[in-house]
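Sharing a structure, written as structure tokens. Questions coming.
None of the figures in this text is laboratory data; all of them are computed from the coordinates on show. Worth saying up front: this structure is predicted, and the values here are computed from it rather than measured. Don't worry about glycine lacking a Cβ; one is built from the backbone with ideal geometry, like all the others, and counts go over all protein chains shown.
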């Protein structure tokens with residue numbers, strides 16, 4: 001079968017490897033572009049959020065290439081993500097495409113359904129469950145390598161002495177990991193990528209601002225959706241961190257990691273309201289307690305869970321004296337306007353840090369007297 005998948009962050013590199021190793025032909029979607037978004041916007045319902053439109057545009061682009069099956073993830077709760085697969089499938093059918101969409105629901109919530117879907121994928125090519133498990137582990141290692149390499153790039157970028165140097169090396173590192181086959185090669189490629197990034201010329205004397213990124217998973221992870229916000233902040237000398245990577249999302253959906261974040265959120269939000277609301281709140285509290293200078297919330301325009309979170313983040317901001325910037329994203333959001341908002345937010349954070357430093361200095365002087 002010709003199999004494809006949504007485009008999100010660096011995930012396609014790992015997804016392609018896994019599908020090919022199972023014996024199918026992997027069709028990697030084009031990186032999201034203006035055409036992708038235009039297609040999605042044209043055929044999506046007016047009320048649909050930005051991730052829905054970008055993903056729909058991606059599905060149309062791969063359906064045009066004759067893809068037989070698209071494998072995607074599901075969702076639960078009040079968030080409309082749980083309906084994505086059904087609506088996307090109906091739209092593709094209405095447009096005359098025969099491409100089928102398979103929704104892999106959470107293995108933690110629907111283990112039998114998940115196993116049935118997996119069997120449907122591996123049985124046509126005669127892949128055994130043992131081979132599936134082995135190749136899944138290799139794909140998992142590749143996904144970990146991709147996420148950890150990206151995370152390191154965000155840690156290094158605020159210290160780079162030549163603007164854009166980190167991004168250039170990072171793109172080379174992705175090619176290394178993409179080319180690796182088998183566990184040994186994947187792990188070696190990850191280490192080589194790490195060493196290349198550590199060789200980027202840096203100024204260790206800098207003390208950059210620290211900003212946490214929270215919000216809905218797609219717009220947090222996919223650079224096209226957030227207009228490369230994390231890179232933009234890094235090149236402005238801001239150290240950014242985010243909890244939500246594909247690796248972490250998979251861990252959370254198998255019962256590992258979710259409880260810790262939920263504990264951080266409970267004083268402000270103690271029940272599931274859909275999407276990644278619990279995570280957005282819990283991560284914001286976590287960053288505040290870790291001494292971060294600020295938090296940026298990324299949310300699709302009209303996203304109910306993140307709209308609810310916005311009000312909660314305002315209280316967290318007051319309680320911890322930590323500025324929060326909420327950015328709602330849709331097809332009309334422009335890079336220049338976002339850059340201006342980020343620059344103003346960063347200026348605010350620097351002023352706040354300087355005021356805190358001056359206050360501490362005065363306090364020390366008083367104590368000395």
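Hey, fewest Cβ within 10 Å first, where do 207, 154 land in order?
207, 154
A further question follows. How would 137, 350 line up from fewest to most surrounding beta-carbon atoms within 10 angstrom?
The order, fewest Cβ neighbours first, is 137, 350.
For the stretch 3-118, state the average projected area of the convex hull of the C-alpha atoms over all orientations, rounded to one decimal in nm².
7.3
By count of other Cβ within 10 Å, fewest leading, how are 366, 238, 107 ordered?
366, 107, 238
Also, quick follow-up: Cβ neighbours within 10 Å, averaged per peptide: list 191-197, 333-339, 240-246 in order, most packed at the top.
Put in order of decreasing packing, that is 240-246, 191-197, 333-339.
What's the ranking of 86-93, 266-273 by average number of surrounding C-beta atoms within 10 Å, highest first?
Top to bottom by mean Cβ count within 10 Å: 86-93, 266-273.
OK, next. What is the antiparallel percent of DSSP beta bridges lying wholly in the chain, to the nearest 5?
Just about 5 percent of them are antiparallel.
Also: Packing-wise, with mean Cβ within 10 Å as the measure, how do 213-222, 19-28, 141-150 rank, highest first?
The packing order, highest mean first, is 213-222, 141-150, 19-28.
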